[in-house]
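What follows draws every value from the coordinates through simple rules; no lab data is involved. What you see is a predicted model; the values in this text were computed from it and never measured. Using ideal geometry, Cβ is built from the backbone for each residue, glycine included, and neighbour counts are taken over all protein chains shown.
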Amino acid sequence: MNICIKGGRVIDPANGRDGVQEVYISKGIIQGVGEAPKDFRAELTINASGSFVMPGFVDLNTNLREPGYEQKGTIKSETKAAVRAGYTTVCCSPNTQPVLDTPAVAQLIIDKAELAGYAKVLPLGALTVGLEGKALSEAYALKKAGCIALCQTPNNMTSQVLRGALQYATTHDLLVILKPEDMSIKDGGCVHAGVISSKLGLPGIPTSAETVAIAQIIEIAEETGARVHLTGISSAKSVAMLARAQFDKLTITADVHAHHLHLTEYDVGTFDANYHTSPPLRSQADKDALIEGVAKGIIDVSSGHQPHEVEAKQAPFPSTEPGISSLETVLPLMLELVDDGLISLTQVVERLALSPSKILGIESGSLSEKVAANIVIIDPEAQWTVNDENWQSNGVNTPFWGQQMTGMVTHTLVNGRLVFEK
């Protein structure tokens, strides 16, 4: 189908574009921006006047839950939530049941995503068998089956296993995605070790649980030459360590979950289990440093999407399952930072679309001609409430439930196909 997106403000940092232009699409491919291709006749015209036209977002860390945890979410429900949120591509975490450590499970997820017909799904193969942190999985077989990278969350490997895993991944030119977390230092904690943990009597997780793991990963990655991405960093010291590693030309990238740019340990004060996150919400100083890290391009932004059934959050705080159903609140939270003057719209596109695409090595994150039309159109002034009427994910475990948000996706195109329209 020939599609013309008309009158929108095109924000495409990959090509230095920021201005009102038309986008022309044919056979799922972007054929032109600004000037119509010769003999182009639109079969569908989308009026984007007053809206932003951006490359579709790419999420580096999404829990789709299926197979095995369909009570929390399914590939269909969570990819539908993804396109509603502006994500055209999501990376599926391997902590399914069975674990995504064989080509058969990878193919199952790919097939179900294609059948659902919403966002594109890139499986992340488990770095170790069963995610148990012991025997290495078959990296080459997983790569051939369509796994875009190898992933280990939680990072429960010994230094010896981690070193062997990074060597193995490097041999097959595979990105490794790790959650930086020293499980022995974490030691069953559930909130940031600080003022609030002491006040509430909750077991705390010190910052060193993250920074010790990062230091170990940096050293081994430098030695092995591995490409490593750290997902879900949460502290100021972590940002500084990443900045130094990148200054030293190490191929290490990282992301922060969007909600860590807005929430702190003080939000846990009501014992609301929807604030039980992993990593934990940390101090105001940590939050400020994370925002600065995003603005400077040291770290990118992921959703850290973890949908849960209602029962998972109905227990004493330490016994509840950590995580937020977060895909659908990423965009308005990022636009709030823009309104506050902390980041720019160009940086939103860079952190949510362009840079994640580069990390994964995929042709996405831009509105370049002759590439697949993965596009999101956003009404920056639209206000909506986080409630059943506007929510697509099966998980309603969000601390933002009932709150008003500003900024709404109106259209999402995946490979030139309109998969969401408000």
- Message: How far apart, in nanometres, would the label points at Gln284 and Glu223 be if each is projected 7 angstrom from Cα along the Cα-to-Cβ direction?
- Response: 4.2 nm
- Message: Going through the cross-link list Lys120/Lys358; Lys72/Lys199; Lys6/Lys358; Lys143/Lys422; Lys72/Lys112, which pairs have a Cα-Cα distance over 25 Å in this structure?
- Response: Lys72/Lys199; Lys6/Lys358; Lys143/Lys422
- Query: In a GNM of the chain with a 10 Å cut-off on Cα contacts, which of Gly225, Gly269, Gly323 has the highest mean-square fluctuation?
  - Reply: Gly269
- Considering only the chain, what is the antiparallel percent among its DSSP beta bridges, to the nearest 5? 45 percent
- Query: Could you state the number of Å between the C-alpha centres of the stretch 90-153 and the stretch 361-402?
  - Reply: 24 Å
- Note on the structure: With bins of 10 Å, the percent of all Cα-Cα pairs of the stretch 1-130 per bin from 0 is 12, 33, 25, 20, 9, 0
- Query: So what's the angle, to the nearest 10 degrees on a 0 to 90 scale, between helix 75-84 and the longest Cα principal axis of the chain?
  - Reply: 60 degrees
- If one takes the longest principal axis of the Cα atoms in the chain, at what angle in degrees, from 0 to 90 and to the nearest 10, does the Cα axis of helix 208-224 lie? 70 degrees
- Quote the Stokes-Einstein diffusion coefficient, in whole µm² s⁻¹, for the stretch 152-294, based on the Kirkwood radius over alpha carbon pairs, a temperature of 4 °C and a viscosity of 1.567 mPa s. 83 µm²/s
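Under 10 °C and 1.306 mPa s, how fast does the chain diffuse according to Stokes-Einstein, given a Kirkwood radius computed over C-alpha pairs? Answer in µm²/s, whole number.
For these conditions, the coefficient is 74 µm²/s.
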- Item | Anchor Lys134: lysines whose Cα lies under 17 Å away (excluding residues fewer than 8 positions away in-chain) | Lys179
- Message: Taking 0.36 nm per residue of sequence separation and subtracting the Cα-Cα distance, how much length would be gained by fully extending the chain between Ser198 and Tyr266, in nm to one decimal?
- Response: 23.3 nm
- Query: Measuring from label point to label point, each 7 Å out along Cα→Cβ, what is the Asn390 to Gln71 span in nm?
  - Reply: 3.0 nm
- Message: Helix-only mean residue ellipticity at 222 nm, the chain, DSSP H runs n ≥ 4 weighted -39,500 (n - 2.57), per residue, nearest 500. What is it?
- Response: -8000 deg cm²/dmol
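For the stretch 104-163, how big is the tail of P(r) above 18 Å, as a whole percent of Cα pairs?
39 percent
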- Message: Sequence gap at least 6, Cα distance under 8 Å: using those rules, report the relative contact order of the chain to the nearest whole percent.
- Response: 20 percent
- Query: In the neighborhood of Gln71, defined by Cβ-to-Cβ distances under 15 Å, what is the net charge if each Lys or Arg adds +1 and each Asp or Glu adds -1?
  - Reply: -2
